[in-house]
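In what follows, a structure is listed as structure tokens, so that the remarks can point back to it.
The values are calculated or read from the model by the stated rules, or taken from the named source; none is laboratory data. Computed from a prediction, not measured in an experiment: that's the story for all the values here. Backbone-built Cβ (ideal geometry, glycine too); neighbour counts: all protein chains shown.
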Ligand code: ITT
């Protein structure tokens, strides 16, 4: 596949998740991109009808690129728990209910782990970053970080499932970790490294 160079300028972050917007700004603004979010632009939130992280990421970026006429970046991500056969996976946000409550979602993960025998607490975060240009060119990059789940939740930094996730080799949760440190090892950072290698000159 021929990659396309990402030029400095406006980049739409096709997400309504404030935690992701913050992290995507931290990653992309140092590249000279002006990150404007779907929240700032009040863009509609497309329904996530695909069955993979990459599929849902592409669907969100396509919708934003079409609406704005600017290059759009989206992130579809989630927590995949080994003993739960990959759940909540692409349903990670949906496990938090409406309105979202990640206290509820984390408690459900713990409850299901216990119900499954609690014999394996390993999990991974997965992230698919999709870049879609207004002329229809599109690329997607996937990243992962492996770790263990802890209970009870610890830390109020980060977002989502961060307070129950300890990356391999670490002792503190992503919820307790300095954001710069999380950005050096997260699933989003892993996908971002691949994107950067492919799309930057
Ligand atoms: P958009 O679709 O608008 O981007 P969303 O929150 O609905 O926002 P997803 O469908 O990709 O996004 O859901 C992913 C969920 O997985 C997200 O809500 C988080 O709770 C969780 N998640 C993803 N990355 C995470 C991270 O770095 N730390 C903790 N939880 C994370």
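So how many residues does region 39-71 have that are part of a loop (DSSP other than H, G, I, E, B) and either away from the ligand (no atom under 13 Å from the Cβ) or out of contact with any helix residue (DSSP H, G or I) (no Cβ under 6 Å at 6 or more places or on another chain) (or both)?
13
I'd like to check something: does region 69-91 contain any residue that is at positive phi and over 16 Å from the mean Cα position of the chain (by Cα)?
yes
Show the residue pairs meeting these rules: Cβ distance below 9 Å; 6+ apart or different chains; first residue within region 35-59 and free of Cβ contacts under 8 Å to residues at least 60 places away in the same chain and more than 23 Å from residue 87 (Cβ to Cβ); second residue more than 9 Å from the ligand (Cβ to nearest atom) and assigned to a loop (DSSP other than H, G, I, E, B).
Partner pairs satisfying both residue conditions: 36/70; 37/43; 38/44.
Which ones in region 1-21 are within 16 Å of the ligand (Cβ to nearest atom) and either touching a residue at least 40 places away in the same chain (Cβ under 8 Å) or under 15 Å from residue 195 (Cβ atoms) (or both)?
So the first thing to find is which residues in region 1-21 are within 16 Å of the ligand (Cβ to nearest atom), and the list is 11-21.
Matches in region 1-21: 11, 12, 13, 14, 15, 17, 18, 19, 20.
Right, residue 4: under 20 Å from residue 139 (Cβ atoms), part of a loop (DSSP other than H, G, I, E, B) and at pLDDT 90 or above or not?
When the stated conditions are applied, residue 4 passes them.
Within region 78-93, count every residue that is under 27 Å from residue 14 (Cβ atoms), part of a helix (DSSP H, G or I) and either modelled with pLDDT under 95 or touching a helix residue (DSSP H, G or I) at 6+ places or on another chain (Cβ under 9 Å) (or both).
Counting residues in region 78-93 that are under 27 Å from residue 14 (Cβ atoms), part of a helix (DSSP H, G or I) and either modelled with pLDDT under 95 or touching a helix residue (DSSP H, G or I) at 6+ places or on another chain (Cβ under 9 Å) (or both) gives 2.
Restricting attention to region 151-161, and to residues there that are near the ligand (Cβ under 9 Å from one of its atoms) and at positive phi, which single residue is surrounded by the most Cβ atoms within 10 Å (Cβ to Cβ)?
Keep residues of region 151-161 that are near the ligand (Cβ under 9 Å from one of its atoms), which gives 158-161.
Going one step further and asking which of them are at positive phi, we end up with 158, 160.
On the way: 158: 20, 160: 23.
It comes out as 160.
One line per residue, one yes/no per condition, for (1) surrounded by 20 or more Cβ atoms within 10 Å (Cβ to Cβ); (2) part of a helix (DSSP H, G or I):
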residue: 123; (1), (2): yes, no
residue: 128; (1), (2): yes, no
residue: 135; (1), (2): no, no
residue: 163; (1), (2): yes, yes
residue: 169; (1), (2): no, no
residue: 175; (1), (2): yes, no
residue: 188; (1), (2): yes, yes
residue: 193; (1), (2): no, yes
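Could you run through region 90-123 and say how many residues are touching a strand residue (DSSP E or B) at 6+ places or on another chain (Cβ under 7 Å) and free of Cβ contacts under 8 Å to residues at least 24 places away in the same chain?
Residues that pass the stated criteria total 1.
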